[in-house]
Amino acid sequence: MPTRLAIELAGLLSEVTPPQFKRVFYAGSGPKPMYKSCRMVRGYWDVCGEPNRNIIISRDNAYHGSTM
């Protein structure tokens with residue numbers, strides 16, 4: 001269940017971001033957002049019927065995500 005502060009922050013973020021960004025995703029530490037976003041993108045393409053679209057392009061030797 002989101003806290004009141006998380007909901008307020010999401011509202012403030014929605015005011016300063018472009019209108020196509022309709023969701024806010026919070027994560028607690030450095031690697032978690034990266035891993036979660038990769039899983040969400042892969043899940044999205046799977047639902048769209050394109051499970052082969054699973055290549056993630058990143059920086060060479062990037063710290064977060066190196067285990068993927």
- [ ] Report in % the part of the accessible area of the chain that belongs to carbon and sulfur, leaving out ligands and nucleic acids; probe 1.4 Å.
- [x] 59
Task: Within-15-Å neighbourhood charge of Asn54 [Cβ basis; K, R +1; D, E -1] - done: +1
Task: Options [x] 1.22; [y] 1.63; [z] 1.35 - which one matches Cα Rg over 2.2 N^0.38 Å as calculated here - done: [z]
Task: Solvent exposure of the chain as accessible area per residue, Å², 1.4 Å probe - done: 92
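The values are calculated or read from the model by the stated rules, or taken from the named source; none is laboratory data. Predicted model only: the values in this text are computed from it and were never measured. Because the Cβ atoms are built from the backbone with ideal geometry, glycine has one as well, and the counts that use them run over all protein chains shown. Only protein heavy atoms, including side chains, enter the accessible area calculation; ligands, DNA and RNA are left aside. Shrake-Rupley method; radii C 1.70, N 1.55, O 1.52, S 1.80 Å.
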